[in-house]
Amino acid sequence: MTRARPDAVIVGGGHNGLVNAAYLARAGLNVLVLERRHVLGGAAVTEEVFPGFRYCVCSYVVSLLRPEIIRDLDLARHGLEILPLESTFTPLPDGDHLVRWADHDRTRQEIHRHSHRDAEAYDEFGRLMVQLAMAVKPVLEMAPPDPASWRPRNLASMARLAGHFRGLGAEKLAALVKLMTMSSADFLDEWFETEALKATMSASGIIGTFLGPRSPGTAYVLLHHYMGEIDGAFRAWGFARGGTGAVSEAIASAARGFGARVRTEAPVERILTRGGRAVGVLLASGEEIEAPIVVSGVDPKRTFLDLLEPEDLPRDFVDAIRRFRIRGSSGKVNLALAGAPSFTALPGDGAHLRGAISISPTVEYLERAYDDAKYGAFSKRPYMDIVLPSMIDPGMAPPGRHVMSIFVQYAPYELDGGWNDARREAFGDAVIDTLCEYAPDLSDLILHRQVLTPADMEETFGLTGGNIFHGELSLHQLFFLRPAPGWADYRTPIANLYLCGSGAHPGGGVCGAPGRLAAARILRDRRR
Amino acid sequence: MCLKRMEAPLLRGTPLHPRTSQLCQAQNWRRWAGYVVAGSYELLHEREYFAIRTTAALIDVSPLYKYQVTGPDAERFLNRLIPRDVERCAVHQVLYTPWCDDAGKVIDDGTVARLDPDAFRLTSGEPNLRWLQDVAAGLAVTIGDISESLAALALQGPASREILQRLSDASLADLRFFRLTHALVAGIPTTITRTGYTGDLGYELWVEPDQAIPLWDRLTDAGAGYGLLPAGMLALDVARIEAGLPLIDVDYIPSNKALIEQQKSSPYELDLGWTVRLDKGPFVGRQALVAEEARGPAWRFTGLEVAWDSIEGLYAELGLPPALPLTAWRVSVPVYSKGEQVGYATSGCWSPILKRYIALAHLRSAWAEPGTELEMEVTVEHRRRRAAVRVVRKPFFDPPRKRALPGAEGVRGVSGSAPASGAPSGAGDAG
């Protein structure tokens, strides 16, 4: 490198690393991003795996990308176009279906078909969720205070938080506590009677966790769906034109615009420390890059247990990181299709294929899928969240052809006997066989199939355990506990080493908040 | 790609849609509860409005939500649900009523018709089945959603009685305001209620969906010589503002939809205190309403009349004649007193029959006395201005024929004036 020594190196060019880089560069720092792979984006990538067909290989929708990041980095100018993904179609084995549409009347009419009560409850439930999402939103936007610390700044932050929750009023506070403690199935049982509705809604509570809909604590994740809703017309929820990789590219473009440098195929082997301070990184090539600030966008286990020497860190911290739950529970199947599939429950290639398709007929179906995984098998009948990106953005596939992105749960990282090629294909077959029960013509349309197991995700994207969120989004690993008690402020026991990935608060999804909040922390520390 | 398939229509037509869609020359459709209904049939809705006020108009109100309440505890249930005293509701009587949540905030409003000692029919603006079932917990009552199995036609206007009488086998001469009768109308079994949303003489006809078109056609034939016209939502909106009748989602937000407390209203705040019988025994929201009654409501829902000179002057400054809202507006408009905002108007229009610019407004109680001079924001040529307005009693328009029996015209009240106190006659069936 002929350029000046960087002020900060960022390990990992995933979307959070890039967001962090953009914010640091915007503040005038000389920033260098180091990405192991040939493409930027980490798990938020679009790749032409099969000629002419662009796969959202891993992450496939934009759900919680923070509006302030879109504004601050002017991502629209850098090419980010978020297209509407407005419906959720749940085909049912008996040939019926449930679709939730963007249009209120239409959704009400559809739910009404299944249950008059549920059609009405749906509105009130939505209202409560919006109220609670409004209550939780400020928490997601702040760096969590440490409840065990007596530092004045921390106390003030805790006091603000306490005041915030007290201000909610008894009714909403009660609902919030229920949401934090109940299972999504039990919580939804209090509201609805339609199985397909409860199952499809509770599915959003289990994505990326190694829990079932009847596991306590899963209700909280229901809120995340409504987080996107409060941004309403801003529409941070949808499908990025060009696939999820387009989000990463837009952020990278913004970062470069602020002067950040980005190197691909530059895997970091070690984070270098001296006297308890981070001083740079060592690349696999043997190249050493010195920098006074090192930011890790990779998951906590990889950061602390692989990229550092055990002596670098306090024993209790290492312990906490080793105990951090990061069990991968999902797989991904991407298909190139000769045409749009037709579902028995709602034939044709209508508007219902332009949204999400959820294979979640009953709560019991989901719980049974979890049962398989609990005992070391992949689900024979898995939960699936499916999107046909080419129905929304025709540029994702050749004209008339389609790509199908299938998120599959459960596929345990620790499969009985371990993952190998044969088990990967068996898993892929289970997915296609299950789907063909709903869309029989699918198998004849498949031109190419890519199957990713949690082991593949670890291998390809460096996600420890194949966990898509850098650590499970369960309550004991959120907020001031993420990734370890006392270390939720993006700092680490090593001075000048920061964490900016999904393993930090507020966690996973293509939301960018950890990258942004970590940058704020770094810039504050630097001014001292 | 997806255009090749004809999908099911996204919005439903009412049972009358095959007929109304033939008649709707304006292609002006509005959404109402998941249905499409005519906004206006003609290019301008003015004639339809005048049909309501001077001859007769036929309005498709089928999208109303309707519930059948039956069982030995039906009366008990309704007494628990609504603030009015259902014990005092005779068979074949209809009550206008709001109903509240536990905090005494209005969820919805509609009519309760007593068909039999143990059978009632309830109408509402929003779906309420879940609420009704929850309030009915522990009571021997069955609540059926009959929204789709009952079509509704409103026949409104001064000539409505004569037209309907030509076809009806039951005498309408003694059918009083807010009473009902069962009849064969042109041979079609019909429940006739002397109710409506226009504040005029009028009836609502409740029939099986497959009888709706034959009934419509026979009424149209019978009314031809009287000047009967089909009327759409635009004409109805002007009429209901003149009648001072609040519209859910426009003039108030149902409490179960409100995101914050300030968006909710109590019956007192909606000027529906006359429906609240605190002395009748427990009902949902009573406790909160007792407290509110004692301290007085913070808000009032009143009429406003825009001073002609003021609005004319604002336009004259620019060399323009005054522009008046011939179509009712439904946006929130600030109302001021000496520069301080003291409320907001939620609906307004030019009243063609009164020749006045009127509005319905929520005002802080201290500024809600009739006669209070205030200012309302108006946009004149891209600029926000304030027009002088005066607080007036509702209803703005209240013809004696609305509640009179034939031959008793003019006995009970004077057009345009309001009763001295208590129950405003425009709001429904009180008195």
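Below is a table of values for the structure above.
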item	result
Of residues in the stretch B:346-371 being in contact with a Lys or Arg (Cβ under 7 Å, 6 or more places away or on another chain) and assigned to a loop (DSSP other than H, G, I, E, B), the one surrounded by the fewest Cβ atoms within 10 Å (Cβ to Cβ)	B:GLY371
Per-region count, the stretch A:315-373, residues over 30 Å from A:ARG491 (Cβ atoms) and assigned to a helix (DSSP H, G or I)	15
Residue count for the stretch B:263-275, restricted to those that are touching a helix residue (DSSP H, G or I) at 6+ places or on another chain (Cβ under 6 Å) and of a type in the set (A, V, I, L, M, F, W, C)	0
Hits in the stretch B:184-210 (condition: more than 30 Å from B:LYS394 (Cα to Cα) and buried (at least 20 other Cβ atoms within 10 Å of the Cβ))	B:VAL185, B:THR190, B:VAL207
Matching residues, the stretch A:409-441, being assigned to a helix (DSSP H, G or I), buried (at least 19 other Cβ atoms within 10 Å of the Cβ), among the hydrophobic types (A, V, I, L, M, F, W, C) and out of contact with any Lys or Arg (no Cβ under 8 Å at 6 or more places or on another chain)	A:PHE427, A:VAL431, A:LEU435
Cβ-Cβ under 9 Å pairs, at least 6 apart or on other chains, the stretch B:127-138 side within 12 Å of another protein chain (Cβ to nearest Cβ) and within 17 Å of A:ASP105 (Cβ to Cβ), far side in a loop (DSSP other than H, G, I, E, B) and at pLDDT below 95	B:PRO127/B:ALA33
Yes/no for A:ALA156 being surrounded by fewer than 15 Cβ atoms within 10 Å (Cβ to Cβ) and among the hydrophobic types (A, V, I, L, M, F, W, C)	yes
Answer residue from the stretch B:219-237, given it is farther than 19 Å from B:GLU204 by Cβ and in contact (Cβ under 8 Å) with a residue 40 or more places away in the chain and is surrounded by the fewest Cβ atoms within 10 Å (Cβ to Cβ) among those	B:GLY227
Any hit, the stretch A:118-134, residues being part of a helix (DSSP H, G or I) and away from chain B (no Cβ under 14 Å)	no
Number of the exception - B:TYR65 against (1) crowded, with 23+ Cβ neighbours inside 10 Å; (2) under 16 Å from the mean Cα position of the chain (by Cα)	(1)
The stretch B:247-284: number of residues that are farther than 20 Å from B:ARG31 by Cβ and either in contact (Cβ under 8 Å) with a residue 60 or more places away in the chain or more than 14 Å from chain A (Cβ to nearest Cβ) (or both)	24
Residue check for B:LEU122: of a type outside the set (D, E, K, R), over 17 Å from the mean Cα position of the chain (by Cα) and more than 14 Å from every other protein chain (Cβ to nearest Cβ)	no
Any hit, the stretch B:318-336, residues being within 14 Å of chain A (Cβ to nearest Cβ), touching a helix residue (DSSP H, G or I) at 6+ places or on another chain (Cβ under 9 Å) and without any contact (Cβ under 8 Å) to a residue 12 or more places away in the chain	no
Unmet criterion (only one of (1) surrounded by fewer than 23 Cβ atoms within 10 Å (Cβ to Cβ); (2) among the basic types (Lys, Arg); (3) in contact (Cβ under 8 Å) with a residue 12 or more places away in the chain) for B:ARG84	(1)
Condition check for A:GLY243: on the phi > 0 side of the Ramachandran plot, outside the structural domain of A:SER360 (by TED's automatic domain parsing) and modelled with pLDDT of 95 or more	yes
Residue within the stretch A:337-353 that is more than 14 Å from chain B (Cβ to nearest Cβ), crowded, with 20+ Cβ neighbours inside 10 Å and closer than 17 Å to A:SER390 by Cβ present	no
Only one of B:ALA38, B:ALA33, B:ALA74 that is crowded, with 23+ Cβ neighbours inside 10 Å, within 18 Å of the chain's Cα centre (by Cα) and touching a residue at least 24 places away in the same chain (Cβ under 8 Å)	B:ALA38
Index of the failed condition, B:ARG161 passing every other in (1) charged (D, E, K, R); (2) surrounded by fewer than 17 Cβ atoms within 10 Å (Cβ to Cβ); (3) more than 26 Å from B:TYR65 (Cβ to Cβ)	(2)
Whichever residue in the stretch B:8-51 is of a type in the set (D, E, K, R) and part of a helix (DSSP H, G or I) and, among such residues, is nearest to the other protein chains (Cβ to nearest Cβ)	B:ARG19
Single condition A:LEU98 does not satisfy, out of (1) in contact (Cβ under 8 Å) with a residue 60 or more places away in the chain; (2) of a type in the set (A, V, I, L, M); (3) assigned to a helix (DSSP H, G or I)	(3)
One residue from A:VAL33, A:VAL49, A:VAL99 being away from chain B (no Cβ under 14 Å) and within 26 Å of A:PRO394 (Cβ to Cβ)	A:VAL49
Tally, over the stretch A:65-95, of residues that are more than 14 Å from every other protein chain (Cβ to nearest Cβ), over 14 Å from A:ALA254 (Cβ atoms) and in a loop (DSSP other than H, G, I, E, B)	7
Among the candidates A:ASP416, A:ASP393, A:ASP421, A:ASP349, residue that is touching a residue at least 24 places away in the same chain (Cβ under 8 Å) and within 25 Å of A:THR464 (Cα to Cα)	A:ASP416
Single residue of the stretch B:233-246 satisfying the filter (part of a loop (DSSP other than H, G, I, E, B) and in contact with a Gly (Cβ under 8 Å, 6 or more places away or on another chain)) that is nearest to the other protein chains (Cβ to nearest Cβ)	B:LEU245
Residue that is in contact (Cβ under 8 Å) with a residue 24 or more places away in the chain, out of contact with any strand residue (DSSP E or B) (no Cβ under 8 Å at 6 or more places or on another chain) and not in a helix (DSSP H, G or I), where the choices are A:HIS470, A:HIS448	A:HIS470
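The values are calculated or read from the model by the stated rules, or taken from the named source; none is laboratory data. Keep in mind the model is a prediction, meaning the values are calculated, not measured. Glycine gets a Cβ as well: all are built from the backbone with ideal geometry, and neighbour counts include every protein chain shown.
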